[in-house]
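Right, one structure below, let's go through it.
Where a number appears in this text, it was derived from the coordinates with a stated rule and is not lab data. For clarity, every value in this text was computed on a predicted model and none was experimentally measured. Note that each Cβ is placed from the backbone with ideal geometry, even for glycine, and that neighbours are counted across all protein chains shown.
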Number of protein chains: 2
Amino acid sequence: MIRHPAFPTEPWALSEVSLDLAALAQTESLFALSNGHIGLRGNLDEGEPSGLPGTYLAGCYELRPLPTAEAGYGNPESSQSVVNVTNGKLIRLLVDDELFDVRTGVLVDHHRVLDLRAGVLRRRATWRSPTGQGVRVTSTRLVSFVQRAVAAIAYDVEPLDVELPVVVQSELVANEPLPARAGDPRAESVPSAPLRHELHVGHGTRAVLVQSTATSRMRIGAAMDHVVDGPPGTHADVEAFEDLARVTFSAVAAPGRPLRVVKLLAYGWSDERSLPAVRDQVNAALAEALHAGWDGLVAAQRSYLDGFWERADVEIDGDDELQQAVRFALFHTLQAGARGEERAIAAKGLTGPGYDGHTFWDTETFVLPVLTCTAPTAAADALRWRWRTLELARQRAGVLGFTGAAFPWRTIGGQECSGYWPAGTAAFHVNADIADAVVRYQAATGDEAFAATSGLELLVETARLWCSLGYHDGTGRFRIDGVTGPDEYSAVADNNVFTNLMAQRNLAAAADQSERFPEQADALGVGAEEVAAWRRAASAMTVPYDEALGVHPQHEAFTEHQVWDFDSTPAEGYPLFLHVPYFDLYRKQVVKQADLVLALHLRGDAFTDEEKARDFAYYEQLTVRDSSLSASTQAVVAAETGHPDLAYDYLRESALMDLEDLQHNTRDGLHIASLAGTWTAVVAGFGGLRDHDGSLHFAPQLPGALVRISFRIVFRDRVLVVEVRSEEASYVLLRGEPLDITHHGAPAVVSQGEVLTLTVPPPAPRLRPRQPTGREPLHSRPPG
Amino acid sequence: MIRHPAFPTEPWALSEVSLDLAALAQTESLFALSNGHIGLRGNLDEGEPSGLPGTYLAGCYELRPLPTAEAGYGNPESSQSVVNVTNGKLIRLLVDDELFDVRTGVLVDHHRVLDLRAGVLRRRATWRSPTGQGVRVTSTRLVSFVQRAVAAIAYDVEPLDVELPVVVQSELVANEPLPARAGDPRAESVPSAPLRHELHVGHGTRAVLVQSTATSRMRIGAAMDHVVDGPPGTHADVEAFEDLARVTFSAVAAPGRPLRVVKLLAYGWSDERSLPAVRDQVNAALAEALHAGWDGLVAAQRSYLDGFWERADVEIDGDDELQQAVRFALFHTLQAGARGEERAIAAKGLTGPGYDGHTFWDTETFVLPVLTCTAPTAAADALRWRWRTLELARQRAGVLGFTGAAFPWRTIGGQECSGYWPAGTAAFHVNADIADAVVRYQAATGDEAFAATSGLELLVETARLWCSLGYHDGTGRFRIDGVTGPDEYSAVADNNVFTNLMAQRNLAAAADQSERFPEQADALGVGAEEVAAWRRAASAMTVPYDEALGVHPQHEAFTEHQVWDFDSTPAEGYPLFLHVPYFDLYRKQVVKQADLVLALHLRGDAFTDEEKARDFAYYEQLTVRDSSLSASTQAVVAAETGHPDLAYDYLRESALMDLEDLQHNTRDGLHIASLAGTWTAVVAGFGGLRDHDGSLHFAPQLPGALVRISFRIVFRDRVLVVEVRSEEASYVLLRGEPLDITHHGAPAVVSQGEVLTLTVPPPAPRLRPRQPTGREPLHSRPPG
C-alpha cells in the first residue's frame, strides 16, 4: 500500500517528499495531528483530493442501531460511532481564477513533514496552474497540546513569477460527504450527515457553527478566527450558512509579497451544556488562542514536547529506520492520550474512524503502560474516565446477572457497543486489564489520592465481578468458564490462562488495597468476609497445564484441538477471519494474537523460566498475528526466552505497522496500541523491564543488529535513563531520590550524579522457534 | 392463554363451544387446515376479528436481509420468510345491510369443530345483528388431501325469523395487513405487502389473481370459483383488482330457504414457470375441483383419512383428554407432511408463521419417524426434498471449508438462513439427523430404489462432512470439536455425545450402503479407501465419560461447570433465554432440551441400562424444557429407565403443548415436532419400540394411570397393531408377511390371523428423579 521506502530515514521527523495520491488515506492517518481532545487527519488544506476526511473530538459520538438477525437477551441495541465533526482545516485557494488542486496543472514539488519535536505538520507545494501561473503554498498546522480546545494553521501563498490575484477561502464545513465502504469489520460505520444545524454566526474574520447530533444529542461548537498579513489592499469577507462558514481573503500577491493567513480554530462539545454555553466556550478558546498568537502557540508546543522527550525519548543505534519509527510511535501515543481528560483513548486515537472510534482493552494493556512511564497524568486521566463510567459498568453487570462492574468490550461513552458477544461481552478480561492498569499506575506514581478513591473503587468492583463470574468447583478450585481471552481465534472457553491470572492479580490487588484503605473500603461495602473471599478465589485460581506436552494450554482443552492446517493456507488467505468462519477458527489450534504469551509477559511471576521458554516456542508455531496487538508482546517474550534476534524482528514489525501499512488498514487510522507496544518491545523486551511487585527489574540485552539502545522512564517523580550496549548497561538518574532496582536479578541502587554501569550476561544460544508457514515476522531485517 | 378446559373432551374431534376472542390467535393455529402443500389458519370466514391472518404454501418464501452488527465470514446475508399469500378463505356477509361481525350485535352461539376423521373444520354461529335480525351461519372448510392444490368452503346463511336480504362476498385478498410484533426470537419476521400484482381476472363466478414476490421472484396463483344454491333471484357479480377479487352473491333468504355458496379454491406457485403457466395451473386445479364437486371432495377427504387412521391410530384407555390430544397430534403431524412433495416440512407446519416458516432438524428427528411408520410416502418426499437441496448443502460446506454437504440449520428453500452461528451453523448434528432419518426410512420400508439413489447420496455426502469436521488426535481418537448439540443452552463445545454418536451411525451407514450399492457408490466417487476412513472414524469416535460422577457429560467438560442456580430462578424467569444472556447459559450446567437424553433414546445401543438410568437421573436435575422438543424424549427415556409415571407426565406435557399453549406461543403456529413426539412418547415410550438394527423391538409397559394403550405401525408393507395392558401385551398383524420382533428382549413372530399375547414384566420400583425447582412436568395428572 505505502511504497517502500516512502519516507526518508530521519531521526526526528516523518517526511513525504512527493505526493502519492494512491496512498493519500494512509498518509492522512500518519500525518494526523491530535492532542487527545481534537484530532485532525492529515487531509490536504484544500480538502480535495482526500482519502478520508476526518475531524474528531474525543468522546463525541452518534448512536446507530445495532441490527441483529436473531434477537438475544443482553445484546446491546445501539452502538456509538465517532462523528466526523465540522471540518475546520479547510483552506481553499484560487490563483488567477484557477482553483489550486494538486490533480490539475503541474505539481512541481510537494513536501510534507511531521516534525516530532515541534509537534507540527508542515507542507510546501510548488504548483503551476493549467494556465501556467506558478505559486508556492506553504502551510503549518498544529493541534495544541497546551490549549486543548485549539488548533491553528499558518497558510502562505506566494506567486513564483509575476503578480497574481489570489483568493484564500478559509472554511468551516459540516457534514462533509464521506466515501462509502463495507465488508471489513475493522472499518468504520460512520453515519452520513450526522450534524444538525443549531447556530451559524459570521462577523469580521470570525465565524462560529454550532451543530448537534440527532440521537446522542451532543452539541458541537466549531469556531475560527484569522490573522492576516497580506499585500496592501487585502480584503476579507465573512459568510455563514447552516453547514458552512467561510472567510474569504482576496489580495494581489507577488514574488516577495506573499499572502499569509493564520487560521485559529477552536472546538468544544457537550452533552449537557446549552447552545449559548457551547457558543461562548469556543469563542473563549479563540480569544485565548488570539492572545497567544501563532508564535506563542508554536513555542508552547515545542516546549511541551521538549518536556515529553526529556522523559520519554528512546534512542536506537544501529537501525536508523527503527529509530525513526520508535519516535514516530511515541509521538502518536502521546497524541492519542495527552489531553484526553476523562474521555476514552480510542484504538485509533483520533487519527481515523476505524473500529467506529471505539476504545478496547488495548488502551489499558498496551497504551497506558507507556503513558504511565512517560506521561503519567495522561494515564491517570484515562483511568479516571473508566471510573466515571463505573455506574454504567455496574448496570451492565446487573443486566448480565453478575455483581460488581462489567466494563464494555468496546465503547466511546461507556456503554457496551459490541454486536458479537462471543468476542465482546464474553471477553471479560477487559476488567482485569483495567485493574492491572490501576495497579501499575499506582506503583509507578505513588498517587495515593487516586489509589484511595478511583483506584480502589475500580479494583473493588472488578474483583466483585470475578467472584460472581467464577466459582469454586467440587475440588475447591476456582474456575472461570466460558470466557474469551485476548486471542480472538478462540472464544467462550474454560479457564483461559491469561484471564485467570489477570483476575487473580485483580482479586489480590482489591484485597490488598481494601486493607490499605479500610475506611474507604468500608464505604464501598467491603467487609473482611468479602476480602477473604477474594483471597480464597485468587489462591484457588485454576491454571490448566498440559502435562503430556509440558506447556500451558491457552485455555482448557486447547492443546487437544486440531492444529490449523497452516501449510495449506495461502498467503492471500490471511487475515483468516476474512476467509474462514469463526466456527472453524475457534475449534482449532490457531492463535490470532498473543494470549498465553501475553500472560507470560504480564504475569511472568506465575511461570518458571523453563515454562516460559517451552510455552513461547509452542505458541510461536500457532500464532499468525492477524492482529496488530501481537508482535510487540512476542518481541518482549522472545527477548526474555533467549531469542533477541527474533525479538528484534518483532519489534520492527510492531514499529513499522503503520509506516508500512502492514495490516492494510492504516487508512482507517493508526494502530495506537501497536505503536505503544513498540516502546514496550524496547523497554520490556531489550530493557527487560518487569514490575510485578511494583518495583523496577531490568534484564537488558541487545540483538545482534543493534549497537546501543537507550530509553527513559518516569517512576515516582524520578526520571531514569537506561542505556544498553552489547556487553554492559548503564543506569542514570536524571532527577529524584535514589532508586532500588535489580539488574539481571541482582539488586542495585541508582543515585543522581553517578552512572551505574553493569555487565550484560552473554546470551545463551537457543534455537529460533518456528512460525506458521508464511507468518514469520514481516520485517526481518532493515533493507540494505 | 387458552382457558382450561377450553375444549370438551371428545375422542375424534376438537370442539370449541363458544368464541374466546382473547385466544383467537391460538385457536387459529389449532384449527388450521393443511395438506402439507396449502395451509389455512383457522381464521374466521369473515376475516375479522383475527389474531393472525395466514395462508401459506409450502416452500413459498420471500427473502429478507439478515442484518449483522459485525460482519463475519460465512454468515448468510439473507434469510427466507414464509409469505402470507393471497387469502382465499374470506367470505364476508351482509345481513339486511349489517355486516356480520361477531363483535357486534349478539352472538347467540358459536361453535367450531375440527373433525379428525372427516378432515374438515366446521363452524356454526347464530347471530343477531344490532338491529335484531337473526341468522344462522354454518360453514365447512377443507384443504384437500387428495387434490393437493385445492381447498373448499361450503357456506350457508339462513335467517332465523323472517325473510332477509343477504349478501355474501367471497374474496381473494392479497397483502393483508398483519399485526406488528417483535422481541421474541421464536416469532416471525414477515415482510409487509410482499406480493406484487401480475394478473387479475374475473369472469362469471370465477376469479384469478397472480402475484409475485419482489426478491425471491416466486409467482403465486390463487383462483376461486363458486357453486351457488340460493333462493330464486340469487344474483352473482364478479370484480377483480390488483390485490382483490370479489364475487358477490345477493339473495333474499328466509327460514328454510338458505343461501348456500360453495367456494372452491386453487393455489399454485413456481419460481420458474411463466405467468400463463401459473394462471393455467390454478384454473386446471379449479376445473378438477368443480368436477369432483363439494360432496366428492368431502368423500375423498374422509376416505383418505380412513386409510390413515387404519395405519396410524393410537388408542388410550384411562385418560380421555390424552386420547383426544394424541389423535389431534397425529392429525396435525399428517397435515404438516401429507402432500409436502419435495418441499420442507416446517417447524410449524403450515399453521403459522413462527420461526419464519423454517424447517429445522426436528423434522428429521421428531416428525419423520412418525411419518415413516404411518405415512411412509410423506417421509420419502421429505427426504427427497433434502436430496434436491444437496447441491446447496455442498456449496455451503465449501464456503465453510469442509467437504461433503453441510445442510442448513434453518431454511425453507435449502439455503442457510441462520443469523446466529453458535446455535445455527455450528449445530452440525442436523446432518447426522438427516442421515438417521434416511437409515430409518430404508429399514422401515425396504425402499431399495430410494436407498440406491437419494438415500445413498445423502449418506455419502453427510459422512464426508463428518470426516472433514472431525479429526484423529494424537492418541487416534476421532474428535469433533467446537460444535453445538441439540441443547441450545450449550454451544460450540467439544465432543458432544449426541453429535458424535449420531455421526458414528452416519459414517457406518454410509460405509454399509456404499458396500451394498458399489456401482452407485463408485459413481459418487466413493472408493474403498474412503469407506475405510469412515469406518475408522466411526470406530474411534470419542464418547466422553465422567468417571467420578459415573455419567456421560453432554459434551467434554460439561460436568465440570457450575450448576445453574435453579433455586434462585423465579418462575417468571423462564424461558431462560429471554431473561439471561447466552453467555451465562452456555458455561453452566443447565439444559434447555434433551441432548444427552436424546442420545440415550436414538443411540440407545451405545449405552448400558445402568448408564441410561444414571444419565437420565443426572440430566433430569438440569433440564428446564424451555424447548418443546424435550418432553417427548424425556417420556421415552423415563419409561425405559423405570419411571413409567414420570413418562406419562411428560407424555401429557408433550401432547397438551398446543392445546393448552404451554409455551405461550401457539399463536405463531403449532409445535409440530412436539405433536409428533407425542406419538413417539407412546410408541417408543410405553411401547418400548426401538429399531437400532433396523428390526422392531418392543418392551411394552403401562403407567399406573392408564388401562390400555394400542398403536399401529406400518413396517415393510405390513400393518402391526400393538395393544398394551398392565400385565400383558398383544401383537396383531393386519396385513403382510409374518414379522420377527422381540418383546422385552425375547424373539417372537407375529403372523396374520393370530393374536400374539405376551406377558409384561412388572416394573422395578425406582425413585422418581427430581427436576429443577419449578420445572416438573407441566401436567402431572389429568384434571378431576
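Brief remarks follow.
- Computed from point charges on the beta carbon alone (+1 for Lys and Arg, -1 for Asp and Glu), the dipole magnitude for the stretch A:533-575 about its Cα centre is near 520 Debye.
- One residue of chain A places its C-beta nearer than any other to the axis carrying A onto B; that residue and its whole-Å distance are A:Pro67, 2.
- Three-way shape label, the protein assembly as shown, alpha-carbon gyration tensor, a/c 1.5: prolate
- A point 7 Å from Cα along Cα→Cβ stands in for B:Ser568, and the other copies hold the same point at 4.7 nm, listed in rising order.
- Considering helices alone, the calculated mean residue ellipticity of the protein assembly as shown at 222 nm is -9000 deg cm²/dmol, with DSSP H runs of length four and up weighted by -39500 (n - 2.57) and normalised per residue.
- Paramagnetic reach from A:Arg516 in the stretch A:408-448 [backbone N under 17 Å; point 7 Å along Cα→Cβ]: A:434-448
- Between the Cα long axis of helix A:456-469 and the first principal axis of chain A there is an angle of about 60°, rounded to the nearest 10.
- Amide H to amide H distances under 5 Å link B:Ser79 with B:Arg64, B:Leu66, where only residues 5 or more positions off or on other chains count and H is placed in the peptide plane.
- Against the main long axis of the alpha-carbon atoms of chain A, helix A:320-337 sits at an angle near 90°.
- Remark: mean inter-chain Cβ contacts per residue of A:417-427 equal 4, using a 10 Å Cβ-Cβ cutoff to other protein chain atoms.
- Label points for A:Arg708 are taken 7 Å from Cα along Cα→Cβ. From this copy to the others they lie 10.6 nm apart, shortest first.
- Label 7 Å beyond Cα on the Cβ vector: A:Pro738 copy-to-copy distances, nm: 10.7
- Between B:Trp385, B:Val439, B:Ser418, the Cα set farthest toward the positive side of the dipole of the stretch B:384-443 (charges on each charged residue's Cβ, about the Cα centre) is that of B:Trp385.
- What you get for the protein assembly as shown, charging only the Cβ of Lys and Arg (+1) and of Asp and Glu (-1), is a dipole of about 1280 debye around the Cα centre.
- B:Glu737-B:Val707 pseudo-label distance in nm [points 7 Å out on the Cα-to-Cβ vector]: 3.9 nm
- Label separation (A:Ala193 vs A:Tyr304): 3.6 nm, computed from points 7 Å beyond Cα along the C-beta direction.
- The modelled label-to-label distance for the pair A:Arg124/B:Phe566, using points 7 Å beyond Cα in the direction of Cβ, is 8.0 nm.
- Helix A:376-388 vs. chain A, principal-axis angle (Cα, 0 to 90°, nearest 10): 80 degrees
- Pairwise FRET efficiency - B:Thr215 versus A:Glu391, Cβ, R0 = 51 Å, nearest 0.05: 0.70
- Considering only the protein assembly as shown, percent of DSSP beta bridges that pair antiparallel, nearest 5: 95 percent
- Order by protection proxy (mean Cβ within 10 Å, highest first), peptides A:712-723, A:586-597: A:586-597, A:712-723
- Stretched out straight at 0.36 nm per residue, the stretch from A:Glu547 to A:Ala277 would grow longer than its current Cα-Cα span by 90.7 nm.
- Other protein chain Cβ atoms within 10 Å, averaged over every residue that makes up A:475-483: 4
- Net length available on complete extension from B:Ala540 to B:Asp693 is 53.1 nm, with 0.36 nm assigned per residue and the Cα-Cα distance removed.
- Simple point charges give the picture: +1 on the Cβ of Lys and Arg, -1 on the Cβ of Asp and Glu, and for chain A a dipole about the Cα centre of about 760 debye.
- Across the stretch A:578-595, rounded Karplus estimates of 3J(HN,Hα) from the backbone phi angles (6.51 cos²θ - 1.76 cosθ + 1.60, θ = phi - 60°) give 8, 10, 9, x, 4, 2, 6, 5, 5, 9, 10, 7, 8, 10, 6, 7, 3, 9 Hz, Gly and Pro being marked x.
- Chain B, relative contact order in percent, only Cα pairs under 8 angstrom and at least six apart counted: 12 percent
- Residues whose amide H lies under 5 Å from that of A:Lys588, counting only those 5 or more places away or on a different chain, are absent; hydrogens are built 1.01 Å from N in the peptide plane.
- Computed E for B:Ala748/B:Asp473 - FRET, C-beta separation, R0 51 angstrom, nearest 0.05: 0.70
- For the peptide B:581-591, the mean number of other protein chain Cβ atoms found within 10 angstrom of a residue's Cβ is 6.
- Short-range pairs are left out: with C-alpha atoms under 8 Å and at least six residues apart, the relative contact order of the stretch B:322-397 is 33 percent.
- Each residue of the stretch B:437-448 was assigned a 3J(HN,Hα) from its phi angle through the Karplus curve 6.51 cos²θ - 1.76 cosθ + 1.60 (θ = phi - 60°); the sequence is 5, 4, 4, 5, 4, 5, 5, 7, 10, x, 6, 5 Hz, with glycine and proline shown as x.
- Sequence-separation-based contact order of the stretch A:661-784, relative, with Cα cut under 8 Å and 6+ spacing, percent: 17 percent
- Considering only beta bridges that DSSP places wholly inside chain A, some 95 percent are antiparallel.
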